[in-house]
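To keep things clear, I will list the structure first and then write my remarks on it.
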Amino acid sequence: MEQSQSSKTSKRPLQFRDTNQTDMSAWRKKGRTDPENSVLDHQPPNDQKDDNEQDSLEEAFRYFEEVQDRVSLKNSILQKHLTAVESVALQRGLPPEGFNVLLDVALSGKFGDAVNTRILRSLIPASVVPEDSVVSSVSWLCVSKCSGNVQLLFLKWLITVFDFIDHKEQLNALYGFFFSFLQEEKMCPFVCHLLYLLTRKENVKPFRVRRLLDLQAKMGTQPYLQALLSLYKLFCPELVTITLPRKMKAYFRDPEGPWKAAINTVRQRNQENTQVARPLFLGTAQPQSQKRKWNTQISIPASSTNKINFEEDREKKCIDLHSTNESFPVEQLQTFSQLLQNIHRLEFPSQMGSVLTNPLLLHYMNCFKDESVNLRLYYWMEQTLQQECTWCVVDNSQYEEEFKNFLETVYETECFLQEGFSSCEEFLYKSLPLWDGFCCRSQILRFVSWIPLRSSSEIKSHLYNPLAQLFFTSSLYFKCSVLESLKELLQNWLNCQVTRLDSESDSEVHSSNTTLSGLVNTIAELIHFVGWISTVALRLESNHTFLLHFILDFYETVCDMYLRYDLPLLIMPPPRVFYAVLLGMDSVNLNQLCYIMHRYRTNLVTAKENELSKKKILQFKFSNQTYQEYNKYLTAMVGCLWTSNVFQKDIHPQGIAMDDELLKKTEVPDFKNSFNIVCHPALMSYAFFYLQQAFPDNTTVDFSLIKGKEWNRYLEYLYLQGLDGLKVFIESSVKRISQASHSKSGNV
Amino acid sequence: MESAADGPAQPRPSTGRPSWGLPFGRARRRSALSPSSRLPPAPRRTQVKAGAAEVAEDTQRTAFLLRKQWTLYSVTPLYRFSEAHLRDYSRLLSAFVAAEKKKGLAVEIGGELDIKVSVTSLPDLKGSDRDQAAILVQLSSRSSASPKNSEEKVIWSGWFCCVAGDELSENLPEAFTCLPLFLVNGAESNTAIVGTWFQKTFDCCFRRLSLSPFNLSWMAAMWTGCKVDKPASATELVFSVPRLPHPLHISYAINLEDAQALWATIQKTPGEITQEEVDVFMDCLYSHFYRHFKIHLSATKLVKVSTAVASAHCDGIIKFRQSQYLTGVLMLLTELAICQIQ
């Protein structure tokens, strides 16, 4: 209160007021003001009318400041000044320094209610409302010079312009005064609203809680009291227990003043993004459907501290009331910077499940590895997944949408943490044998991609077997989705392996159950599994292009494991996959195969070099079989794309080597040349268009024209068509071979 | 044994996977009641024994648990629960119950309320010293007619317990309390309120614990072999016939002496029961029934077992009949509850 008194006594002329706000003169001299308050900067250039208004407003302020005696409303001078204030207010809003004068007049009771009401109604801020003007008006309120109606109107105004008040420190210091107004029955709802806006944690005191409970006993369940109490509970859960009814929409009525519309108009006119009165949200009970039994409902709990204060603790608290190392309530955690500032005194919410919807807490969880935190989350998630699973539990099928959303949320959390939950893994293992492959399909398959990497024998019987059964009996698109999620699983495993290697080299901690060879075996097992199901699927779906695309996508990761993930493992695709692409009709897949073979080559060459140079002590060596397999594939590929001798040179047991005699019997005229980059079925259309371009006069298509220099030009043409995989393959594997005779073919 | 109707009521115990499928597949320590502490991983249990140590006084204290229907729940370990704070828990839970009952009305913690909540310890109900003592929660209402009258009527009770739950508790960090079995008698609305408070306060999860036909047949065999002093009622098995337009139940009552005689011929080692013995026992009963009525009971679903020791329903409802076998029955139920939360 001292503050407000001083501001009252120091009434200096407006122009010289030394506040941190713009003063009157600054407000007038457009363009030179503090940008924060230069509301009127964007006004059209100064004109006569504005200046006149300006002067009359200043005059009005001076008049209201100096007026001593009560003046009748009919007084023409008063009328003139009132009109001046009103018109400026509605047009552009009032400058910050006007509020002190006008509030003083309106609340001091110098004039009658009619004048006071008119003044209060015209209090539309152009930019901000200075805090000290509000503070001084509260002191007027305390001496109650004005009538009840004016007081009420003032409170409504204060609520409406609350967000426009520039500072709120001193205002908060008056909390007790506002609180005392609660006893006025008429004002109570508005005081509650104001207190709701003003309350901070330190304002919540046991005696205030008791006062509110008394009021509640007197007035019954009023929404405004509930709102304030629930806010108190939010700050100090140990002081009050309240359960809000489920269908609670608005706690406070709109204060309904004339200001809101006017403020909006002024703001729009000033084209200034001042603080907008934001709708108030109460961070408590979400509306929940009550349709189900109490414990069978997917509800991710809201994050809250449910700190229990025990009797003895309370006594202790009285002693060290001023201790500062109190924990930071999770409810108040809103921004990342808050997290950083309070990370040392943050506590996890009382229900760990709530971290799922709170990215800040997930960050916190990530850097705060604690067994009990993980266990709490594990138990909650495991029980929820099992209890709500729509295909494992009877009568759950109607809640599929809810379950889907839940799975989605859990998956997003896994992506956020870049880590799979073991509760999800167990859930998959338990529910996959019962799964129809349809319900929540995309969610379940995404879950698969986050199965944690560990060397275990469980995965075959628990994942691969049930998945293979579904895979073989489901549609093409299901097959593709499974391959997609297995590719993601592989990538997640490889990433996990890389980070594991990194952290291991730092700490040199080896846990016994995660040896490298164990993990390599697990990864190899996955790749062999995919190879096997791909082989079968190609037969079932008769080499569908779409399917091949997904299979090759998987091998694009496999072929680069040595270089990109530092994993001593390379596995070639099964022959069924290789030949289906090599001899297929699709140029996109063929191009991808070329790229993959190129990457295999790069990886194998590097591995060989490392092995020969023995720079690294190699724990693992690629077996000769891998090299041989690669060489066989390479021979077939070169024969098929370049040297036109695939029928003679292909040495793969499942390849297409054939007797000349046999080939002659097919009566294909030029069988020798039927596989090269010109006549390959996947590339023939390119050759056709190339011929049309290169020899526009030729009416017959003669592929034999493409040879010698034309061959090279055709090759350039192919590269221009975006066959980059073909380009890198031919440049790395063929050119050299073609130059230095075939004997060295692929001797990598 | 498992009929088709049992279906997807819960993840089926998959016999092919002993690691987590069967609830009896793991090696369990039973040192509390049987001196031959470690049992082989084969499905095998110790016979339910009458607790010799239990004196008449203890029986008195747990007598109120008998002859009431208890609904079973499994509960994941309670986080930061402490037996030292039971009085505080009563106070807070009272306020919570009152707040839930009068939605929207804030309640001062510790005030006078219509419904009194007590949270107390039942130290007699545990298998060994390693087990946490059971916790009893009771809601009682004051009669509004005479508030001065100290007479309070218990309207709801529930208790958490753990009998020989070492398997779960020994691997838990210190902050957790292992009380995996929760039994409730009273209105579901009150269960919801109390359960919600425990979930919020101790970050645990409640889940109904239903009893599969497989487990019920174990109970039938185990409890038949128990000696009962008083003249006891017959062993009764209730079967439901699946996939009928109208529910059809078959009740199969066997004289206690006959059932015990049959069991005596089957059980090889006294004090120990194996899966094979249970199967033989049930098969004998089935074939006997078939000879008389030409109905294959093995094609139906066992829904209820009622013996002199206790009766159990597949929905997860149990009634204790003999106080000397109370801990024995609870041991089995604890095992099933742990199986559901692990």
Inset, instruction - Hey, could you grab the Kirkwood Rh for the stretch A:335-452? Inverse mean 1/r over distinct alpha carbon pairs, Å, one decimal. - result: 15.1
Inset, instruction - Would you please give the FRET efficiency between B:Asp279 and A:Thr499, computed as 1/(1 + (r/R0)^6) with r the Cβ-Cβ distance and R0 = 30 Å, to the nearest 0.05? - result: 0.05
Inset, instruction - Report P(r) for the stretch A:50-258: all Cα-Cα distances, bin width 10 Å, range 0 to the bin holding the largest distance, values in whole percent. - result: 8, 32, 31, 18, 9, 2, 0
Legend entry - Note, ³J(HN,Hα) from phi for the stretch B:194-211, Karplus 6.51, -1.76, 1.60, rounded to Hz, x at Gly and Pro: 5, x, 4, 5, 5, 4, 6, 7, 10, 6, 10, 10, 9, 8, 4, 10, 8, 10
Inset, instruction - Please give the contour-minus-distance gain from A:Gln692 to A:Glu59: 0.36 nm per residue of separation, less the Cα-Cα distance, rounded to one decimal in nm. - result: 219.0 nm
Inset, instruction - Once you've got the Cα coordinates, tell me which of A:Lys168/A:Lys201; A:Lys201/A:Lys369; A:Lys233/B:Lys103; A:Lys672/A:Lys707; A:Lys672/A:Lys727 are over 18 Å apart. - result: A:Lys201/A:Lys369; A:Lys672/A:Lys727
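Work through the residues other than A:Asn624 whose Cβ is under 15 Å from its Cβ and net out their charges, Lys, Arg +1 and Asp, Glu -1.
+1
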Legend entry - A:Ala524-B:Ala264 FRET efficiency (beta carbon distance; Förster radius 51 Å; 0.05 resolution): 0.35
Inset, instruction - With r as the distance between the Cβ atoms of A:Thr83 and B:Asp129 and R0 = 60 Å, compute the FRET efficiency 1/(1 + (r/R0)^6) and round to 0.05. - result: 0.10
Legend entry - Sites matching trypsin sites (Lys or Arg not before Pro) across the stretch A:156-211 that sit in DSSP coil, with at most 13 neighbouring C-beta atoms within 10 Å: A:Lys186, A:Arg200
Inset, instruction - Any chance you could check the Cα centroid distance between the stretch A:190-209 and the stretch A:513-536 for me, in angstrom? - result: 62
Legend entry - Spatial separation of Cα centroids for the stretch B:272-342 and the stretch B:84-131, in angstrom: 35
Inset, instruction - Provide the per-residue ³J(HN,Hα) series for the stretch A:335-347, in order, calculated from phi with Karplus coefficients 6.51, -1.76, 1.60 and θ = phi - 60°, each as a whole number of Hz, with x at glycine and proline positions. - result: 10, 5, 5, 4, 4, 5, 6, 10, 4, 7, 10, 8, 10
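Read the figures in this text as sums done on the coordinates, not as results from a lab. Source: prediction; values computed, not measured. Ideal geometry is used to build each Cβ from the backbone, glycine not excepted, and the neighbour counts take in all protein chains shown.
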